[in-house]
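What follows is one structure encoded as structure tokens, with my remarks underneath.
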């Protein structure tokens, strides 16, 4: 070490203060435990200096803002720190600087895991990011946290703190979804940012109060979901809204989602030749099964509620309608078997013609009958 380096080092030892590059740190420890008597200690307006010996706080060892000459005549507690081997010219102590003002702009963010959407039952991956401000209420407790964890920098502390914050956010969002039964899209829309912030600030207090710290507020706080999950969720809501417009009553999104999944499977099989002809998937064997599954899933949505699900349930045929040839009539003009109505579906002739009568007993007969229902006689041609 040259003479100039020695002089520089000696000057640094005589002036103890937090360096400019450490101004934004919550806690800063002076690197040298050997302090010359009558050294000058400078404490900023927004901090406090604490003195420790062998890891234990020295009684009365708290110095507030200002410039202080470290000598026992001015500061009595320093007598406990004198190194007797140096003839009383050196103090042996650990000096900690703790910031008391609100420290803002600390970033956090990351995934908080899958959360079930109460409306659809989908498990959706949620992420959160933003910044926060923190403030020390009890400097000695803050030092205890620092010493116990052996953290050298604020980055190490903030890494631990972020994990606590994300845990609280995950718990509070899940609690909000369950208790208030809110759709997840409402949470990620930003409309509930202030409510979530208040829940998180209150929820993280128990984790920090024993360390003498608290979160003051969150900033630029955003809760969002994976893009693919948001797209799927919005598509499900849109499809359900369209079904309601057609007269359906969607009360069970899980079954609706199951029906949608079966429909998608049927379309995939059809495109891959699953129906044997590559045509309409609802006409092929596999597609028909998927269509029936969709109808069952959607029909099951409203069991017990007495409502209709619109196009989700197959309708029973009208009484007397054509089903396997039952209820058909014979056209008096073209003799074709057609469904009952005012006109023949084959030739267009009116079906409301005068009824035929039995040639033997004169009773009215059904058009086209070969035998009389009353007397049993065979009718001509």
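The values are calculated or read from the model by the stated rules, or taken from the named source; none is laboratory data. Given the structure is predicted, the values throughout are model-derived calculations rather than measurements. Note that we place each Cβ from the backbone using ideal geometry, even for glycine, and neighbour counts take in every protein chain shown.
Which one is surrounded by the fewest Cβ atoms within 10 Å (Cβ to Cβ) among residues in region 327-345 that are at pLDDT below 75, farther than 10 Å from residue 368 by Cα and out of contact with any strand residue (DSSP E or B) (no Cβ under 8 Å at 6 or more places or on another chain)? Checking each candidate, the answer is 341.
The set of residues from region 139-149 being at pLDDT 85 or above and out of contact with any helix residue (DSSP H, G or I) (no Cβ under 8 Å at 6 or more places or on another chain) comprises 139, 140, 143. Of the residues making up region 205-242, just one is part of a loop (DSSP other than H, G, I, E, B) and modelled with pLDDT of 90 or more, namely 212. On the given criteria, is residue 125 outside the structural domain of residue 53 (by TED's automatic domain parsing) and either closer than 26 Å to residue 46 by Cβ or not in a helix (DSSP H, G or I) (or both)? In short, yes.
Per the listing 39, 22, 49, the residue uniquely more than 17 Å from residue 98 (Cα to Cα), surrounded by 13 or more Cβ atoms within 10 Å (Cβ to Cβ) and not assigned by TED's automatic domain parsing to the domain that holds residue 213 is 39. Annotation note: of 175, 202, 197, the sole residue that is surrounded by fewer than 16 Cβ atoms within 10 Å (Cβ to Cβ) and either more than 13 Å from the chain's Cα centre (by Cα) or modelled with pLDDT of 85 or more (or both) is 202. Answer yes if at least one residue in region 81-91 is crowded, with 16+ Cβ neighbours inside 10 Å, part of a helix (DSSP H, G or I) and touching a residue at least 24 places away in the same chain (Cβ under 8 Å), and no otherwise. Within region 81-91, one or more residues are crowded, with 16+ Cβ neighbours inside 10 Å, part of a helix (DSSP H, G or I) and touching a residue at least 24 places away in the same chain (Cβ under 8 Å). When each of 103, 188 is tested for being modelled with pLDDT of 85 or more and closer than 30 Å to residue 59 by Cα, the lone residue that passes is 103.
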